[in-house]
Each structure stands twice: as C-alpha cells, then as structure tokens.
Amino acid sequence: MSSTPIIAPSILASDFSRLGEECRAVEAAGADWLHIDVMDGHFVPNITIGPDVVKALKPHVKIPFDVHLMIAPVDPYLEAFVAAGADLLSVHPESGPHLHRTVKRIRELGAKAGVVFNPSTDVSAIEWIIEDIDLMLVMSVNPGFGGQSFIAGQLRKVERLRQMIDASGCDIILEVDGGVTPDTAPQCIAAGATALVAGSAVFRGGPAKYADNIRALRGG
Ligand code: DX5
Ligand code: ZN
C-alpha cells in the first residue's frame with residue numbers, strides 16, 4: 001500500500017464565517033481533496049450546508065471536492081451537487097431504496113461514485129455492485145458531528161474492504177472518516193486505507209498550523 005495517503009480536510013471543522021479563505025488555506029497547506037459534509041437534520045442529527053454553498057466554494061480552490069451526503073432521500077439531490085462542483089459524491093446505502101441505481105446515476109452525471117459504511121453497515125452492501133463504485137468510505141465514528149473518538153473496531157472493516165477491492169481488481173479508493181489523528185492515521189493506512197478525512201486534526205491551531213497538521217497525518 002502507498003504510504004502517502006490522500007488527505008481530505010473536512011471543512012466541518014473550519015471557521016464557517018470565512019469558508020472560502022479556509023478552503024484556500026488548506027489547499028495551500030497541501031490538502032489533496034476538500035471533504036464537504038452535507039447533513040439534513042433527518043438522516044443525521046445535524047444540519048450543515050447545501051449545493052449553493054458548494055457552488056460558492058468551487059472557484060476558491062483547484063483540488064477535487066469530495067462530497068459526503070448524509071441526507072435522505074438522497075436521489076433528488078445528486079444532480080444539484082454534481083452541478084455545484086462535486087467531483088466525488090458519496091452516499092450511505094441507508095439513504096435510498098436502490099443503491100445500485102444511485103451510484104450509476106452519480107457516474108452518469110459525471111462524478112465518481114462513493115459508498116459510505118456507517119459503523120453498523122456490513123461490507124456486503126457493496127458486494128454485488130463493486131464494479132460500479134469508485135470510492136468506499138468507512139465511518140470510524142457515527143455520522144453527524146466532528147471531533148468524536150475513533151472507533152478502532154472499524155479497522156477490521158477497512159481490512160475486509162481492502163481484500164475485496166484487491167480481489168475485484170477494480171480501481172477503488174478506500175477512505176476513512178472520523179477521529180483520524182496522527183495516532184490513528186497509521187492504523188488506517190496499515191489496514192489498507194488510501195485516503196483519510198480529517199476535520200479537527202487539520203483545522204486545530206488555525207491557518208498557521210494547517211501544513212504541519214497535514215504533514216503529521218501523512219506520517220511526518
Ligand atoms: C462526520 C463527518 C466527518 C467529520 C470528521 O459525520 O463525516 O467528516 O467532519 O471530523 P473529525 O475528523 O473531527 O472526526
Ligand atoms: Zn464526512
């Protein structure tokens with residue numbers, strides 16, 4: 001496995017009053033992607049941002065937008081998020097009735113399709129549609145909030161998904177989201193992750209610290 005993971009700062013932990021500036025600062029500090037958490041107060045107990053904000057941020061940076069949809073129903077909003085600038089669009093299997101149709105639609109719209117595993121979601125959710133997805137996102141916290149503690153038991157799921165990806169021969173990014181810190185990042189990489197989302201661990205300390213924080217997640 002590559003020892004240099006993709007680092008995707010979650011803007012959920014940024015200063016929302018200066019979002020554009022924060023996005024530019026993490027890009028300048030070496031972020032590979034921007035992770036954008038979309039919550040509806042229904043699928044998860046928190047409300048964040050919608051497609052208009054995604055669209056407003058798009059001109060601020062060149063790095064890809066990794067948009068994590070925590071909304072239900074999800075299907076009516078796929079087009080709006082791709083039009084707003086989502087390069088990768090990830091959905092939870094529990095957020096719609098037909099996951100296969102949803103991921104196919106994301107690809108048709110021109111984005112990469114991701115599937116997100118809640119801590120209780122089984123790997124079998126993607127077993128029969130593995131060829132139709134570009135990214136798997138393992139939640140190592142329950143979705144809804146930043147700053148929660150890493151659930152170490154999810155590392156076994158990362159390992160299992162790594163085996164499934166390798167056996168499939170498909171080119172799929174394996175991403176971990178929640179409680180990723182310089183302590184837990186190496187465990188994620190060892191388990192087979194190729195991308196790491198981090199909110200608090202990137203944005204703590206303010207803009208002067210972002211480059212050091214990102215470097216620490218890559219292993220120093
Ligand atoms: C939680 C979100 C995460 C969150 C991660 O629902 O999906 O992306 O922002 O935040 P930290 O890194 O602080 O756990
Ligand atoms: Zn997320």
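The values are calculated or read from the model by the stated rules, or taken from the named source; none is laboratory data. None of these values were measured; they are calculated from a predicted model. Because the Cβ atoms are built from the backbone with ideal geometry, glycine has one as well, and the counts that use them run over all protein chains shown. Surface accessibility is based on the protein's heavy atoms, side chains included, excluding ligands, DNA and RNA. Shrake-Rupley method; radii C 1.70, N 1.55, O 1.52, S 1.80 Å.
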Inspect all residues belonging to region 27-40 and state whether any of them is part of a helix (DSSP H, G or I) and open to solvent by 10 Å² or more (accessible area, probe 1.4 Å). yes
Do we find a residue being within 14 Å of ligand 2 (Cβ to nearest atom), assigned to a helix (DSSP H, G or I) and open to solvent by 10 Å² or more (accessible area, probe 1.4 Å) anywhere in region 178-199? no
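Okay, residues lined up against (1) among the basic types (Lys, Arg); (2) out of contact with any Asp or Glu (no Cβ under 9 Å at 6 or more places or on another chain); (3) open to solvent by less than 30 Å² (accessible area, probe 1.4 Å):
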site: Ile172; (1), (2), (3): no, no, yes
site: Ala201; (1), (2), (3): no, yes, yes
site: Gly205; (1), (2), (3): no, no, no
site: Ala211; (1), (2), (3): no, yes, no
Test Pro76 against the stated conditions and say whether it is in contact with a Pro (Cβ under 9 Å, 6 or more places away or on another chain) and free of Cβ contacts under 8 Å to residues at least 12 places away in the same chain. no
One residue from Ile214, Ile173 being under 18 Å from the mean Cα position of the chain (by Cα), away from ligand 2 (no atom under 16 Å from the Cβ) and in contact (Cβ under 8 Å) with a residue 40 or more places away in the chain: Ile214
For region 50-62, enumerate the residues that are within 24 Å of Lys104 (Cα to Cα) and aliphatic (A, V, I, L, M). Val54
So Phe117 passes all but one of these: (1) closer than 18 Å to Ala195 by Cβ; (2) in contact with a Gly (Cβ under 8 Å, 6 or more places away or on another chain). Which condition number does it fail? (2)
Quick check: anything in region 130-153 of a type in the set (Asp, Glu), closer than 18 Å to Met70 by Cα and surrounded by fewer than 19 Cβ atoms within 10 Å (Cβ to Cβ)? no
Specify which of the listed residues (Glu131, Glu159) is farther than 28 Å from Glu79 by Cβ, modelled with pLDDT of 95 or more, more than 14 Å from ligand 2 (Cβ to nearest atom) and out of contact with any strand residue (DSSP E or B) (no Cβ under 7 Å at 6 or more places or on another chain). Glu159
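Condition check ((1) touching a Phe, Trp or Tyr at 6+ places or on another chain (Cβ under 9 Å); (2) more than 16 Å from ligand 1 (Cβ to nearest atom); (3) in contact (Cβ under 8 Å) with a residue 12 or more places away in the chain) across all residues:
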| site | (1), (2), (3) |
| --- | --- |
| Lys55 | no, yes, yes |
| His60 | no, yes, yes |
| Val67 | yes, no, yes |
| Gly96 | no, yes, yes |
| Thr102 | no, yes, yes |
| Asn142 | no, no, yes |
| Gly147 | no, no, yes |
